[in-house]
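The values are calculated or read from the model by the stated rules, or taken from the named source; none is laboratory data. All values derive from a computational prediction rather than experimental measurement. Heads up, the Cβs are rebuilt from the backbone with ideal geometry, glycines too, and the neighbour counts pull from every protein chain shown. The protein model used for the area step is the full one, side chains on, heavy atoms only, and it has no ligands, DNA or RNA in it. Shrake-Rupley method; radii C 1.70, N 1.55, O 1.52, S 1.80 Å.
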Amino acid sequence: MSTTQRSESMNSFFDGYVNSKTTLRLFVNQYENALRDKVEKENIADFHSFKSIVPCINHYDIEKQFQSVYTNSKFQEFQKELTRKIYYYPTFIKKEGAIEVYQVTEDMRIGDKRKDVVYDILLNEEEFEVKCSCHHYEFRGILCRHVLCLLREKRIKEVPLKYILERWKKNVKRKHNFIRCTYSGMEDTSVAKRFDMFCAIHFMKWQK
Ligand SMILES: [Zn+2]
């Protein structure tokens with residue numbers, strides 16, 4: 001997520017709650033209010049999620065999996081990633097131990113210009129750990145289009161439960177003080193830690 005995208009989402013979150021004259025004390029109160037209102041809106045959206053079902057857009061099993069558990073609004077966000085995956089094809093780069101490295105090239109349009117952006121995906125199929133250098137999952141809690149296209153190529157039909165976050169399930173009663181601030185979703189195991197370390201080193205090299 002770019003700095004601009006981050007600041008836009010912050011602005012929309014606080015829109016109507018704070019302005020340039022807001023004091024720090026008031027800001028803290030208003031932050032609580034903004035969070036509470038946001039959760040109330042989500043609860044209303046969840047209520048509608050029980051009453052209506054957003055139809056699947058294809059026969060992809062993973063889409064059905066997310067349709068059955070996620071709230072409508074989060075499922076629609078997932079569908080956006082899913083529809084964009086059809087434009088990408090992963091290329092196998094190498095295998096290091098149990099970890100396979102793939103690359104996906106995305107044809108991005110920035111203003112009038114087009115630019116190829118390459119993303120790295122690291123997959124440990126044995127443990128089903130996956131990470132993409134776009135970090136969409138870590139920011140949004142949804143597997144990105146690059147990972148989804150890789151799962152399609154590998155004919156993987158279901159994602160493990162750790163990638164289905166409690167936070168977005170239909171049957172979760174949200175309380176604003178229980179909101180998690182991270183989407184890592186990884187379990188605290190030595191395998192997960194090793195995988196995280198490998199990804200961190202790999203992505204550091206990739207960014208140079
Ligand atoms: Zn990605």
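Descriptive notes on the structure:
- Hey, Val54 modelled with pLDDT of 80 or more, under 18 Å from Arg152 (Cα atoms), open to solvent by less than 30 Å² (accessible area, probe 1.4 Å) and within 23 Å of the chain's Cα centre (by Cα) or not: no
- The lone exception for Val18 - which of (1) assigned to a loop (DSSP other than H, G, I, E, B); (2) open to solvent by 50 Å² or more (accessible area, probe 1.4 Å); (3) at pLDDT below 70 it fails: (2)
- Top-ranked residue of the stretch 91-130 - restricted to ones that are more than 19 Å from the chain's Cα centre (by Cα) and part of a loop (DSSP other than H, G, I, E, B), ranked as nearest to the ligand (Cβ to nearest atom): Glu125
- Every residue from the stretch 118-155 that is in contact with a Ser or Thr (Cβ under 7 Å, 6 or more places away or on another chain) and modelled with pLDDT of 90 or more: Val118, Tyr119, Asp120
- Here Glu63 meets the list (1) without any contact (Cβ under 8 Å) to a residue 24 or more places away in the chain; (2) open to solvent by less than 20 Å² (accessible area, probe 1.4 Å); (3) within 11 Å of the ligand (Cβ to nearest atom) almost entirely, failing just condition (3).
- On the stretch given as the stretch 76-91, residues that are under 14 Å from Glu42 (Cβ atoms) and free of Cβ contacts under 8 Å to residues at least 24 places away in the same chain total 1.
- Of the residues contained in the stretch 74-89, one or more are found to be within 16 Å of the ligand (Cβ to nearest atom) and assigned to a loop (DSSP other than H, G, I, E, B).
- Every residue from the stretch 131-170 that is within 10 Å of the ligand (Cβ to nearest atom), assigned to a loop (DSSP other than H, G, I, E, B) and more than 25 Å from Phe47 (Cα to Cα): Ser133, Cys134, His135, Cys144
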